[in-house]
Amino acid sequence: MDTPALYATAWAILPPMIAIVLALITKEVYSSLFLGVLTGAILYAGADFDGVVNHVLSDGLIASLTDGWNVGILIFLVILGIIVALMNLSGGSKAFGGWALKRVRSRMAAEIATVLLGIVIFVDDYFNCLTVGSVMKPVTDEFKVSRAKLAYIIDATAAPVCIIAPVSSWAAAVSSFAGEGENGIALFIRCIPYNFYAIFTLVMMFSLIFMKFDYANMAQFERNAIENGDLFTVVDANAELADAAEEGSDKGIVLDLVFPVVVLVVSCVLGMVYTGGFFGGADFVTAFSDSDASIGLSMGALVALVIIIAYYTIRRTISFGDCMSCIPEGMKAMVPPILVLTLAWSLKAMTDSLGLADYVSRLVEGMSGTAVGVIPAALFLIACVLAFASGTSWGTFGILIPLGLAITTSHPELATPVIAACMAGAVYGDHCSPISDTTIMASAGANCNHVSHVSSQLPYATTVAIVSAISYVISGYTSSPVIPLVVGVVLMVGVLFFFRGREGSFRVPDSVNVNKAAAE
């Protein structure tokens with residue numbers, strides 16, 4: 001079909017906006033995403049019924065499920081689901097929860113431990129989301145941390161941490177978009193102190209924990225968890241089924257969880273550097289820069305699965321037959337996030353066919369006459385909108401980073417803050433968009449209703465984004481990241497004190513009664 005009449009116009013943003021608004025209103029994500037996909041197909045094909053159906057199926061759903069990168073991520077998800085099922089059946093998760101509860105004495109300590117684990121697992125955001133959730137759920141549940149709050153912590157230590165970690169799949173993605181003659185990893189490292197959104201997200205998380213309060217939608221979830229013992233607030237059948245499947249054996253030991261997690265981390269790291277040529281002579285950093293996260297993660301997870309099954313069988317924690325029964329169970333547990341991911345990828349295919357990237361590129365290219373100092377802030381906001389609407393941070397990198405480098409050719413002193421602004425805005429969208437794969441996986445990792453996660457996280461992420469935009473305005477007129485960083489941190493903490501004193505915020509009691517299992 002020829003280029004549609006609405007190609008590269010403002011109409012290209014309509015499909016994701018419909019999906020996002022409907023999801024927040026109806027609290028139902030599958031139909032909302034599908035209607036977004038359908039809207040994109042109608043805008044593309046017009047009144048041609050066959051064209052609409054073909055675009056939804058061939059160019060949307062089927063194309064998404066046959067894309068090599070997507071299939072690799074789905075394989076990784078399924079294998080991770082199987083590994084989690086094995087850890088639960090062995091009783092490793094329950095044993096770790098009991099061990100941690102003897103050392104984690106307070107709700108604050110449980111939240112801090114979750115944040116620190118998320119920071120430590122910085123290699124990849126997908127791996128982070130599902131691993132942190134499966135390990136820390138038993139601990140946060142005992143201290144009545146709502147699943148929405150757990151999902152926020154998981155999500156906020158995924159993309160925001162990966163974007164400031166030089167050894168991560170994200171560093172590899174950003175470095176690949178650097179201009180000719182530019183060292184991608186060196187550019188990434190120079191951008192770290194200017195990545196205000198990621199830094200302020202960490203400041204906000206620790207501040208909320210130490211100040212013992214929550215505001216906006218999160219306050220409702222936390223109040224209900226502490227006062228009524230309801231960790232979900234919004235009933236989610238998939239989450240309840242997943243929780244029921246995680247009861248596990250009473251015979252497991254802590255090693256039954258620690259060993260599989262360590263094997264999985266090591267295998268995934270080795271898998272990623274293998275795809276980057278590490279075993280062919282490339283140094284570790286270069287191998288990470290050139291890695292293929294999709295193949296590397298799925299390869300590493302598969303090797304880890306074989307080792308973990310052998311471990312449980314040799315230790316006689318689980319029989320070989322029971323290990324095999326975990327395969328369909330793990331796959332079933334991943335069906336909801338796989339469905340959402342498939343629809344989200346199909347929605348992105350719709351926006352691609354409508355020329356959303358070209359539309360945004362024209363907007364950015366028209367900024368050459370803009371006051372030089374506000375360019376970082378302007379690009380940050382454009383990246384926020386683009387990543388939120390498309391649900392992809394890496395796609396946003398690919399569009400805006402080359403344009404940012406081109407815009408700053410005559411102002412090289414702004415190159416670093418401008419590129420950092422593009423990265424930070426992309427991370428905001430990845431962090432909180434309902435159609436972002438990382439947001440979807442954070443919901444899955446916490447066994448939390450997806451819309452509950454999005455609606456409670458969005459005010460927090462947007463607060464950080466507003467403070468970050470102010471810091472980017474300052475960075476456009478200074479030659480150092482120190483002043484905008486200091487101003488941003490002070491402003492971030494000041495805003496939180498303001499929200500803490502407002503009616504509607506929820507202050508966590510100094511002592512929270514743990515669940516019965518913890519008391520025993």
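Brief remarks on what is shown
- The value of relative contact order for the stretch 295-430, using C-alpha pairs under 8 Å at least six residues apart, is 24 percent.
- Couplings for the stretch 44-49, taken from phi via the Karplus curve 6.51 cos²θ - 1.76 cosθ + 1.60 with θ = phi - 60°, read 7, 9, x, 7, 7, 4 Hz in order; Gly and Pro are left as x.
- Working note: Cα gyration tensor of the stretch 279-326, eigenvalues times five, square-rooted, sorted largest first, giving semi-axes of 32, 11, 6 Å.
- Long-range amide H partners of F213 with built H, under 5 Å: V508
- A simple spin-label model places the labels of W69 and L491 3.2 nm from each other, with each point 7 Å out along Cα-to-Cβ.
- Taking every lysine pair in the chain that is 8 or more places apart or spans two chains, those with Cα atoms closer than 12 Å amount to 4.
- Remark: the chain is approximated by an ellipsoid whose semi-axes, taken from the C-alpha gyration tensor as √(5λ), come to 35, 27, 24 Å, largest first.
- Relative contact order (%) - criterion: Cα under 8 Å, at least six apart; region: the stretch 260-349: 25
- The label-point distance for I307 and T3, in a model that sets each label 7 Å from Cα toward Cβ, rounds to 5.1 nm.
- Using a Förster distance of 35 Å, the FRET efficiency for H411-R502 (Cβ separation, nearest 0.05): 0.30
- Ligands, DNA and RNA are left out, and with a 1.4 angstrom probe the accessible area of the stretch 1-121 is 44 Å² per residue.
- As a length-normalised measure over Cα pairs under 8 Å and 6 or more apart, the relative contact order of the chain settles at 26 percent.
- Charge dipole (the chain, unit charges on Cβ, about Cα centre) - positive-most of A415, I253, I382: I253
- Remark: C-alpha extents of the stretch 21-116 on the principal axes read 64, 31, 22 Å, sorted largest to smallest.
- Per residue, the convex hull volume that the Cα atoms of the stretch 312-450 enclose (Å³): 138
- Förster-model FRET efficiency, 56 Å R0, V262 and R362, C-beta, rounded to 0.05: 0.70
- Cα gyration tensor shape of the stretch 396-513, rounded if a/c is under 1.5, else prolate or oblate by comparing a/b with b/c: oblate
- Ordering of 5-15, 394-404 by packing is 394-404, 5-15, highest average first (other Cβ atoms within 10 Å, averaged per residue).
- The largest accessible area among L130, L202 belongs to the first residue in L202, L130, and the rest follow in falling order (1.4 Å probe, all chains).
- Rounded to 10°, Cα long-axis angle of helix 335-353 versus longest principal axis of the chain: 0
- Segment M211..V385, full-extension length gain: 59.6 nm, with 0.36 nm per residue of separation and the alpha-carbon distance subtracted.
- Relative packing of peptides 271-277, 424-430 - highest average C-beta neighbours within 10 Å first: 424-430, 271-277
- Carbon and sulfur %, accessible surface of the chain computed with the full protein complex present, 1.4 Å: 66
- Estimated FRET transfer efficiency (A10, A47; beta-carbon r; R0 25 Å; 0.05): 0.75
- Accessible area per residue in Å² at 1.4 Å probe, computed on the stretch 284-344: 46
- With coordinates expressed along the principal axes, the C-alpha atoms belonging to the stretch 304-384 extend over 70, 28, 15 Å, beginning with the largest.
- Each Lys and Arg contributes +1 and each Asp and Glu -1, all at the Cβ; summed about the Cα centre of the chain, the dipole is approximately 1460 debye.
- The packing ranking of peptides 136-146, 438-448, highest mean first, is 438-448, 136-146, where packing means the average number of other beta carbon atoms within 10 angstrom of each residue.
The values are calculated or read from the model by the stated rules, or taken from the named source; none is laboratory data. Keep in mind the model is a prediction, meaning the values are calculated, not measured. Every residue, glycine as well, gets a Cβ built from its backbone with ideal geometry; the counts of neighbours run over all protein chains shown. Ligands, DNA and RNA are excluded from the accessible area calculation, which covers all protein heavy atoms including side chains. Shrake-Rupley method; radii C 1.70, N 1.55, O 1.52, S 1.80 Å.
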